[in-house]
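Student: Right, I'll just put the structure down here and ask away after.
The values are calculated or read from the model by the stated rules, or taken from the named source; none is laboratory data. None of these values were measured; they are calculated from a predicted model. Backbone-built Cβ (ideal geometry, glycine too); neighbour counts: all protein chains shown. Remember, those area values only see protein heavy atoms, side chains included, never the ligands or the DNA or RNA. Shrake-Rupley method; radii C 1.70, N 1.55, O 1.52, S 1.80 Å.
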Amino acid sequence: GGRRTVGASDFFVDYFTSALEPEEILVAVKVPKLGDGWSTHYEKFNRTAQAWATVGVAAAVKRQNGTIAEARVALTNMGPSPVRASSVEAALAGAAASADAIAAAAANAADGTRPTSDLHASAEFREHLAKVLTKRAVATAAGV
């Protein structure tokens, strides 16, 4: 019936389920270009090189005058769909670009997530990985 646009937060519905209807096909993915001052990093933990990430963290950080002006952090395999670590993002906004500030913010990485336990990892281990990987991804993106 025509084209439609769906934001990422609405597109990912559940495990292996998206907002696509049976008669639809995905024709484009648009990712906004980050401006000056932004840098990114991705961290993942997996048991073998070919395996899905047990937990993955994508971080984008905008530094300004020695502080983190803004941050975006997304987690994979911490629930039925990718999630934003909004409590980490809020804690980083305006914080010093320091290892201590990043560690304090990363301690909240699992807030609001719903990781499952399976033969690869328990929910508790995934929560631990989310915190560790968030700290690494944000620190690298921030140049710390």
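Student: Just for the range 28-45: of the residues that are open to solvent by 100 Å² or more (accessible area, probe 1.4 Å) and without any contact (Cβ under 8 Å) to a residue 60 or more places away in the chain, which one is farthest from GLN64 (Cα to Cα)?
Tutor: So, considering only residues that are open to solvent by 100 Å² or more (accessible area, probe 1.4 Å) and without any contact (Cβ under 8 Å) to a residue 60 or more places away in the chain, the one farthest from GLN64 (Cα to Cα) is VAL29.
Student: Please verify whether the range 71-89 includes one or more residues that are open to solvent by less than 20 Å² (accessible area, probe 1.4 Å) and in contact (Cβ under 8 Å) with a residue 60 or more places away in the chain. Spell out how you get there, then give the answer.
Tutor: Narrowing the range 71-89 to residues open to solvent by less than 20 Å² (accessible area, probe 1.4 Å): 71, 73, 75, 78-79, 85, 88.
This time we only want the ones that are in contact (Cβ under 8 Å) with a residue 60 or more places away in the chain, so: 71, 73.
Yes: the range 71-89 contains one or more residues that are open to solvent by less than 20 Å² (accessible area, probe 1.4 Å) and in contact (Cβ under 8 Å) with a residue 60 or more places away in the chain.
Student: A further question on this structure: Report yes if TYR42 is at pLDDT below 90 and among the hydroxyl-bearing types (Ser, Thr, Tyr), otherwise no. Give the derivation first.
Tutor: Values: at pLDDT below 90: no; among the hydroxyl-bearing types (Ser, Thr, Tyr): yes.
So TYR42 does not fit the description; no.
Student: Filter the range 3-17 down to the residues that are over 14 Å from LEU75 (Cα atoms), outside any loop (DSSP other than H, G, I, E, B) and of a type in the set (A, V, I, L, M) and list them by number.
Tutor: Passing the criteria: only VAL13.
Student: Something else now. If you check ALA95, ALA109, ALA101, which single one turns out to be at pLDDT 95 or above, under 19 Å from HIS128 (Cβ atoms), in contact with a helix residue (DSSP H, G or I) (Cβ under 8 Å, 6 or more places away or on another chain) and not acidic (Asp, Glu)? Show your work before the answer.
Tutor: On the way: ALA95 fails: under 19 Å from HIS128 (Cβ atoms); ALA101 fails: under 19 Å from HIS128 (Cβ atoms).
None of the others qualify; the one that does is ALA109.
Student: Separate question: Tally time: how many residues in the range 46-69 are open to solvent by less than 40 Å² (accessible area, probe 1.4 Å), in a loop (DSSP other than H, G, I, E, B) and modelled with pLDDT of 90 or more?
Tutor: 1
Student: Also: Could you figure out which of (1) open to solvent by less than 60 Å² (accessible area, probe 1.4 Å); (2) in contact with a helix residue (DSSP H, G or I) (Cβ under 8 Å, 6 or more places away or on another chain) isn't true of GLY7?
Tutor: Just one mismatch for GLY7, condition (2).
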